[in-house]
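Heads up, the thing below is written out as structure tokens.
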Amino acid sequence: MNPQALNAEIGALPPNWCNENIVTSSVMEAVSFVTPVLEGFFIRTVAEGMSQQQDATLAQRCQEFIQEESNHSRAHKKFNNVLLAYLGKSPRGLALVSALLDGARRHLSMSKRLGLAAALEHLAAVMSKLYVHQQDSLMFASAYAEALFDMHAREELGHRSVVFDLWQTNETSGRFNRFLTISMVLLAGAAYVGIAVPWILYQKTGKRFAKTVILLGSFVIKNLVSTLAQTPMVELFSFTRGDFHPALLIDDSKVNRAQ
Ligand SMILES: [Fe+2]
Ligand SMILES: [Fe+2]
């Protein structure tokens, strides 16, 4: 789709399109850019994993998972094309995530790749739960973005058990390896956000270094305590528990509200 047609569908985005805050908007943009990269890894891993699958119900759930993740990727790529119009290129840090996932694809066994995908899907589900609980306090200057993030969070919660259940039919890893996997996922995620968000902000401020530092610094000072208090570390590390199952994360009746 050409840029004019995209703008007509999505609308022009102000730099502070989320919550009237340029830093919050930059965080959402970093998330949107990394989404198709992660989903490409999930789709490939699940497609390969399910080819050895005998359970017809699980194979059907995997098929639906692939369909949903493909739709998410398409919708985010469309949104990212609008972001690219003012950012010029994809954020720094994205190539690092791609390289790490490529390395996992080339060097890890099927069951380890499924374990990594299950850990990433767990992170997506925990973040989606947080998002669904807090979205009433978010304001969007873009109806497309609001609908996109809402749909994505709810569908992530809806299919949160699929990769885990597929992984369980393979050789799974012990608690220590799960701890290592989720820790690496969180470290890589923090590194990506730590690189991409300042870069996006720097582009949005017209490459003004001092303004970028001041905006970031005041955002961190204002939000650090509440962000740390709200970070669901116990839920994130519940992945390492022996009795862990993604279905226990949230009551499904709370996921699908009337729109
Ligand atoms: Fe997704
Ligand atoms: Fe997902």
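Bear in mind these aren't lab numbers, they're just calculated from the coordinates by the rules spelled out. What you are looking at is a predicted structure, and each value in this text was computed from that prediction instead of being measured. Here the Cβ positions follow ideal geometry from the backbone for every residue, glycine too, while neighbour counts run over all protein chains shown.
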(request) Measure off 7 Å from each Cα along the Cα-to-Cβ vector at GLN54 and THR172, then give the distance between these two points in nanometres to one decimal. (result) 1.9 nm
(message) For a quick check: with amide H placed at 1.01 Å from N, whose amide H comes under 5 Å from THR172's, ignoring anything fewer than 5 positions away on the same chain?
(response) none
(request) Evaluate the charge dipole of the chain about its Cα centre and quote only its size in Debye, nearest 20, assuming +1 on the Cβ of each Lys and Arg and -1 on the Cβ of each Asp and Glu. (result) 980 debye
(request) Pick out which of ASN177, ASN223, ASN81 has the largest mean-square fluctuation in a Gaussian network model of the chain, springs linking Cα atoms closer than 10 Å. (result) ASN223
(message) Can you tell me what percent of all Cα-Cα pairs in segment 1-116 are more than 20 Å apart?
(response) 53 percent
(message) Need the C-alpha centroid separation for segment 204-250 versus segment 164-182, integer Å.
(response) 25 Å
(request) Please order HIS245, HIS152, HIS122 by the number of other Cβ within 10 Å, starting at the fewest. (result) HIS245, HIS152, HIS122
(message) Between segment 91-115 and segment 50-90, what is the separation of their alpha carbon centroids in Å?
(response) 16 Å
(message) Please list log₁₀ I(q)/I(0) at q = 0.09, 0.12 Å⁻¹ for segment 84-214, using the Debye equation with identical point scatterers on the alpha-carbon positions.
(response) -0.36, -0.63
(request) Find, to one decimal place in angstroms, the Kirkwood hydrodynamic radius of the chain, where the mean of 1/r is taken over every pair of different Cα atoms and then inverted. (result) 19.3 Å
(request) Name the long-range amide H neighbours of PHE140: under 5 Å, sequence gap of 5 or more, or other chain; modelled H, no Pro or chain starts. (result) ASN19
(message) Can you list the DSSP H helices in the chain whose Cα atoms extend at least 18 Å along the helix axis and whose mean Kyte-Doolittle hydropathy is 1.0 or higher?
(response) 22-50, 209-230
(request) Could you calculate the FRET efficiency of ALA190 with TYR86 from 1/(1 + (r/R0)^6), where r is the beta carbon distance between them and R0 is 25 Å, rounded to 0.05? (result) 0.45
(message) Can you give the longest run of the chain that contains no GluC sites (Glu not before Pro) sitting in a DSSP loop with at most 14 other Cβ atoms inside 10 Å?
(response) 21-170
(request) Using only Cα atoms, locate the centre of segment 19-39 and the centre of segment 116-133, then give the distance between them in Å, rounded to an integer. (result) 15 Å
